[in-house]
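Down below is the structure, laid out as structure tokens.
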Amino acid sequence: MPTLEQMQQWTNTLGRAQQLVLEHAANLATRTDTPPAPAITPELLFEPETFARVQADFAKDSLALWERFAEAAGQPAPAPEGSVAGRKDRRFADPQWQSHPFFDMMRQSYLLVSDYLLRLTDTVDGVDPKHKQQLRFAMQGVVDALSPSNFPITNPQVIQKTIETNGENLVSGLRHMLADMDKGQLTHTDGSAFTVGVNLAATPGKVVYETPLYQLIQYEPTTKKVLETPLIIFPPWINRFYILDLAPHKSFVKWAVDQGLTVFMVSWKSADASMKDLVWDDYILRGLIDAIDRVRELLDVESVHSIGYCVAGTTLAATLALLAARGEADKVRSATFFTAQVDFREAGDLGMLIDDEVLKLVDQLSAPGYLDGRYMAATFNMLRGRDLIWNYVVDNYLLGKDYAPFDLLYWNGDTTNLPARWHRAYLTDLYRDNLLATPGGVQIDGTPIELHRVKTPSYVQAGREDHIAPPKSVWKITEHFTGPLRFVLAGSGHIAGVINPPGSGKYQYWTADKAAVSLEEFTRIARETPGSWWPDWIDWIQDFTDPKVPAKHARRPGKGSMPAIEDAPGRYVKSR
């Protein structure tokens with residue numbers, strides 16, 4: 001049973017946390033960048049009815065918690081199923097969290113207090129929605145960090161492991177922590193298990209073209225004949241291209257080649273000081289359009305199929321709008337968008353973090369002319385701190401576990417640097433000011449672009465659980481483009497929703513046979529199909545009724561007018 005002193009400490013902790021929320025809410029309500037607020041009183045800081053209900057619920061649940069443990073007389077006291085303290089949470093999956101009365105009490109009281117603090121932030125009134133989101137995000141980070149599972153003396157697994165190993169787990173954990181401090185990045189997986197070009201990014205091909213911005217990879221065909229129109233893939237330069245070419249059984253590149261496509265991949269160069277002045281125009285003109293023209297010239301074809309993933313999908317949309325404005329839309333026969341946004345009104349957690357203070361910090365961190373990719377990795381980890389930070393702190397620092405080999409997590413830690421000017425403009429022009437969604441709001445090479453001029457047939461894929469490009473945000477492409485469009489909602493999130501090969505038998509996807517005016521309507525009328533959406537995509541590509549041509553001469557890497565420079569995956573993907 002918890003002692004009176006422990007109960008008093010919890011009460012004191014709760015009181016101090018509530019005071020901090022009150023003080024921060026008062027500060028937000030009096031900021032000069034928010035609408036003028038009336039005199040600050042507790043009633044004006046919070047929505048009175050909701051605040052009273054939250055307070056009453058917490059008092060009732062707290063009393064019930066103490067009564068359960070008092071009646072249990074030193075035994076575990078399970079919370080009612082479905083209650084806050086009784087909810088399932090994988091941080092507390094170990095049976096000791098429920099079998100030992102002290103840890104059971106700690107678990108339940110933590111869940112109760114954290115729920116109260118999060119609900120309390122939701123009652124803050126008199127501030128704009130973005131500040132309210134930021135307050136909740138900050139509170140979520142606090143309650144995640146304060147979980148008793150994160151501390152050695154309050155985690156029964158760590159205590160047991162320490163006793164069993166005579167503290168060797170803590171020594172191993174310290175070794176892991178010091179190594180991470182040296183490299184300035186949290187480790188998620190055993191990096192020694194993977195080598196790019198050997199068991200990652202290993203689909204056979206050649207680098208056939210190279211600029212200071214990117215390398216162009218052409219992959220070796222595996223079928224005797226291929227579709228006449230080639231496919232060119234534009235991955236995000238926020239990370240390495242081989243998320244689409246992991247192990248052979250997960251590789252979208254290998255799968256697409258095996259479907260009879262001539263596949264090209266852009267491998268972006270990780271930014272250095274020489275790239276400090278690059279802007280979005282460069283990635284569009286010297287990146288996407290240049291690569292499209294090179295492939296068209298190499299294979300003597302009028303157009304290409306294209307794929308843009310995440311930020312490269314956003315850039316592909318801008319490229320299509322520019323080509324339309326120039327009367328050159330026919331260069332791209334189809335466009336596929338993996339979890340890409342063009343309208344950032346509902347851009348999710350990342351958009352919430354963009355404000356003047358963050359932009360000042362970005363400027364400071366980008367002093368060399370580029371942003372070190374480790375900062376971006378830390379940002380994405382922070383968006384899902386419970387899964388991508390604290391889970392690894394417990395397993396690898398406290399329990400001293402060795403890192404498991406996982407190719408996707410290896411890719412996630414293989415960061416790239418970002419050009420300073422491009423990165424800042426991306427955050428301000430798109431995330432903050434949403435200029436791409438405004439007709440003429442963005443100019444590329446002096447040409448104002450308008451998304452509604454894009455009539456290119458498009459395949460738009462969103463992830464149902466994507467927190468980086470939420471499906472509501474991805475859906476907005478359908479509200480701007482005016483050409484034929486197929487929208488597909490895939491199970492899982494930003495990565496697993498895309499990298500879902502047919503052989504895995506995982507997840508599902510939804511499609512609709514008739515047009516919908518909103519994501520909500522699409523969800524109501526959509527048909528669910530088990531497994532991967534990749535076969536749906538290749539059926540869509542094949543509906544263009546391309547003739548097939550022999551897979552020889554320029555269809556083989558290095559055999560046409562562009563001699564092979566080096567074997568895939570090339571130097572750029574390995575540069576740091």
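The values are calculated or read from the model by the stated rules, or taken from the named source; none is laboratory data. From a predicted model like this one, the values you see are computed outputs, not experimental measurements. FYI the Cβ positions are ideal-geometry reconstructions off the backbone, even for glycines, and counts take in every protein chain you see. We work out accessible area using only protein heavy atoms, side chains counted, and drop any ligands, DNA or RNA first. Shrake-Rupley method; radii C 1.70, N 1.55, O 1.52, S 1.80 Å.
When +1 charges are put on Lys and Arg Cβ atoms and -1 charges on Asp and Glu Cβ atoms, the dipole computed for the chain relative to its Cα centre reaches about 1340 debye. Here's how it looks for Val226: its modeled amide H is under 5 Å from those of Val549, Ala551, which are all 5 or more places away or on a different chain. Cross-link reach is defined here as a Cα-Cα straight distance under 14 Å, omitting same-chain residues fewer than 8 places apart; for Lys88 the aspartates and glutamates meeting it are Asp104, Asp115. By the Cα gyration tensor, the stretch 451-576 has an equivalent ellipsoid whose semi-axes, rounded to whole angstrom, run 32, 20, 17 from largest to smallest. Taking only protein heavy atoms and a 1.4 Å probe, the accessible area of the stretch 349-397 is 55% carbon and sulfur.
Bridging of Lys276 to lysines at a Cα separation below 29 Å is possible for Lys183, Lys206, Lys360, Lys574, once same-chain residues fewer than 8 apart are set aside.
Thr262 sits with roughly 10 Å² accessible to a 1.4 Å probe, with DNA, RNA and ligands left out of the calculation. Counting only residues at least eight positions apart within a chain, or on another chain, the aspartates and glutamates with an alpha carbon under 15 Å from that of Lys401 are Glu164, Glu168, Asp180, Asp190. May I ask you to list, by number, the DSSP H helices of the chain whose Cα span along the axis is at least 27 Å and whose average Kyte-Doolittle hydropathy reaches 0.0 or more? Result, helices passing both filters: 101-122. Relative contact order, whole percent, for the chain stands at 17, derived from Cα pairs under 8 Å and 6 or more residues apart.
Packing-wise, with mean Cβ within 10 Å as the measure, how do 174-180, 203-209 rank, highest first?
203-209, 174-180
Rg over Rh for the chain works out to 1.01, using Cα positions for both radii and the Kirkwood form for Rh. Of the residues Phe151, Phe102, the one with the largest accessible area comes first in the ranking Phe151, Phe102, computed with a 1.4 Å probe on protein heavy atoms. Bridge orientation summary for the chain: considering DSSP beta bridges with both residues in this region, about 55 percent are antiparallel.
Once a ≥ b ≥ c are taken as the square roots of the eigenvalues of the Cα gyration tensor of the stretch 159-296, is the result rounded (a/c under 1.5), prolate (a/b larger than b/c) or oblate (a/b not larger than b/c)?
oblate
The helix-only estimate of mean residue ellipticity at 222 nm for the chain, built from DSSP H runs of length n ≥ 4 each weighted as -39500 (n - 2.57), is -11500 deg cm²/dmol after division by the residue total. For the stretch 149-282, the fraction of 1.4 Å probe accessible surface lying on carbon and sulfur atoms is 58 percent. For the stretch 159-235, what does the alpha-carbon gyration tensor say about shape, rounded, prolate or oblate, given a ≥ b ≥ c as the root eigenvalues, a/c under 1.5 as rounded, and a/b over b/c as prolate? The shape class here is prolate. Computed from the C-beta positions of Lys130 and Ser274 and an R0 of 60 Å, the FRET efficiency is 0.95 to the nearest 0.05.
Step through the table entries Lys225/Lys269; Lys331/Lys476; Lys132/Lys514, compare each Cα-Cα distance with 26 Å, and write down the pairs that go over it. Violating the 26 Å limit, Cα to Cα: Lys225/Lys269; Lys132/Lys514. For the stretch 127-248, the relative contact order is 16 percent, taking Cα pairs closer than 8 Å that sit 6 or more residues apart in sequence and dividing their mean separation by the residue count.
When a/c is below 1.5 the answer is rounded, else prolate if a/b is larger than b/c, else oblate, so apply that to the stretch 241-336 with a ≥ b ≥ c taken from the square roots of the Cα gyration tensor eigenvalues. It is oblate, given that a/c is not under 1.5 and a/b is not larger than b/c.
Ignoring ligands, DNA and RNA, what accessible area per residue does the chain give at 1.4 Å, in Å²? Could you put the intermediate results ahead of the total?
Numbers: 25680 Å² over 576 residues.
Solvent-accessible surface per residue comes out at 45 Å².
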